[in-house]
Amino acid sequence: MKNTCDASIKSQVLALARQHGVTSQKDHFSDLAMTITRLSGDLVALDDFERLLVSLKKKGVISKQKMLELEARYLSESSQRGNGRQISA
């Protein structure tokens, strides 16, 4: 993973996923996790890129810490471009 700013974080992660054959496709465990989350009263909606980060972590390509770092950079980059998602706590 490059640390340079010459490419967006999204394009860097997409290239990493292609290199390892990882996709953002949901599996049965993803559906189960979303159901449990919804039943607990939380609302979590991941976009394709965030699902890709989760898949990279599940496959052992990146660590949990790296996944969170990449998501933070992705959200920051998206908000700077004016198409970012709102984060609520």
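Starting from residues that are among the aliphatic types (A, V, I, L, M) and crowded, with 16+ Cβ neighbours inside 10 Å, keep the ones in segment 17-33 and report whichever is nearest to Arg73 (Cα to Cα).
Looking at residues that are among the aliphatic types (A, V, I, L, M) and crowded, with 16+ Cβ neighbours inside 10 Å, I get Ala17.
Please specify each residue of segment 21-36 satisfying the condition of being over 19 Å from Leu68 (Cα atoms) and either in contact with a Ser or Thr (Cβ under 6 Å, 6 or more places away or on another chain) or in a helix (DSSP H, G or I) (or both).
His28, Phe29, Asp31, Leu32, Thr35, Ile36
Just name the residue that is modelled with the highest pLDDT out of those in segment 34-57 that are loosely packed, with under 11 Cβ neighbours inside 10 Å, over 19 Å from Tyr74 (Cα atoms) and β-branched (Val, Ile, Thr).
Ile36
Among residues belonging to segment 1-14 that are more than 16 Å from Gly60 (Cα to Cα) and either hydrophobic (A, V, I, L, M, F, W, C) or in contact with a strand residue (DSSP E or B) (Cβ under 8 Å, 6 or more places away or on another chain) (or both), point out the one that is modelled with the lowest pLDDT.
Cys5
Enumerate the pairs (first residue in segment 28-50 and closer than 23 Å to Leu14 by Cα and without any contact (Cβ under 8 Å) to a residue 60 or more places away in the chain; second residue anywhere and surrounded by 10 or more Cβ atoms within 10 Å (Cβ to Cβ) and of a type in the set (Phe, Trp, Tyr)) with beta-carbon separation below 8 Å, excluding pairs fewer than 6 apart on the same chain, so at least 6 apart or on different chains.
Phe49/Tyr74; Glu50/Tyr74
The values are calculated or read from the model by the stated rules, or taken from the named source; none is laboratory data. None of these values were measured; they are calculated from a predicted model. Glycine gets a Cβ as well: all are built from the backbone with ideal geometry, and neighbour counts include every protein chain shown.
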